Amino acid sequence: MSHVLRPPQIDLAGILSQQHPNIDLRTSAYENSTRNFLKALTNYKNRAITTISERRKHQASEKKKILDRTHAVETETSQCKLKEIELVAQLEREKEERKEAELLVASFKRQLGGLREKIASVEADIEQYRALTQNLRREKNKERSTLSSYNSHVFPELRSCEERLSCAIEGVEKDRLLVRFSRLDPTEPQKEASFVIDLASETFKIITASPHLPSMPILVNNLNESRDIYAFFRDVRAAYVLLLAPTAQ
């Protein structure tokens, strides 16, 4: 309970009866009380200012923290939105890629089906060709057997004709014949002459001739005009005889 100062009781009659009347107002106590009050008020004000300053600093610090947190949250939110946009775009790309892949798979499946059909068709053709090849091989073997049998009878006669005609004819390449003449010079029976004639086209051509026969172009020209190849062989042999054994004529 606070102490309440009460004004003292003044004996006015006694004071007035004094030679020098004086009233003690006790100003020192008032001044002390006032000074203490002002000091307490100043202390309270200083404490209030300090408290307010500290609160302001704390509030500023908390506000800064909240602003930093808000900025960090906003930054993170922006990054999340950007990531979300990227993820959505990536999902769209993946959807498109999946659609393209599905289309490619469907196309490959169709191609695979077509290839299987072609393979089946080719295999059927191969089987047909195999059967045909086997038939042709059997026929060829049969013909070869027939030709071998025929050759065994004809070859001696052919050799006899070649000996009598002094001329041998054999195939060397497709549509080409090698013609060899022997016994061109009675004094040198080992001498031979030969040439290769190309029968591939309507115009006959001499590929090689050994030895060189100067009149060969004229004889080939006559052959292409007359188409008589047997006469051509006869004329070439006669020309080689003149070239190699001029004294035989």
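Here is how the numbers come out for the structure above:
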read-out: Computed over the chain: relative contact order in percent, which uses C-alpha pairs under 8 Å that are six or more apart; value: 7
read-out: Per-residue SASA entry for Glu96, accessible area with 1.4 Å probe, Å² rounded to 10; value: 90
read-out: Accessible area (Å², per residue) of the chain, counting only protein heavy atoms and a probe of 1.4 Å; value: 85
read-out: Carbon + sulfur, % of accessible area of the stretch 6-129 - ligands and nucleic acids excluded, 1.4 Å; value: 57
read-out: Using alpha-carbon coordinates, inclination of helix 229-244 to the longest axis of the chain, degrees; value: 80
read-out: Angle in degrees between helix 27-165 and the longest Cα principal axis of the chain, rounded to the nearest 10; value: 10
read-out: Angle between the chain longest axis and helix 216-226 axis [Cα atoms, degrees, rounded to 10]; value: 80
read-out: Within the chain: Cβ-based charge dipole about Cα centre, in debye rounded to nearest 20 (Lys, Arg +1; Asp, Glu -1); value: 2180
read-out: Inter-label distance, nm, simple model (7 Å from Cα along the C-beta direction), Ile15/Asn224; value: 17.5
read-out: Label-point separation, Arg110 to Lys83 (7 Å along Cα→Cβ), nm; value: 4.3
read-out: Projected label distance in nm at Glu74 and Ala48, using a 7 Å step from Cα toward the beta-carbon; value: 3.7
read-out: With DNA, RNA and ligands ignored, accessible area of Phe108 (1.4 Å probe; Å², nearest 10); value: 120
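The values are calculated or read from the model by the stated rules, or taken from the named source; none is laboratory data. Since the model is a prediction, treat every value here as computed from it, not as a measurement. Note that each Cβ is placed from the backbone with ideal geometry, even for glycine, and that neighbours are counted across all protein chains shown. Ligands, DNA and RNA are excluded from the accessible area calculation, which covers all protein heavy atoms including side chains. Shrake-Rupley method; radii C 1.70, N 1.55, O 1.52, S 1.80 Å.
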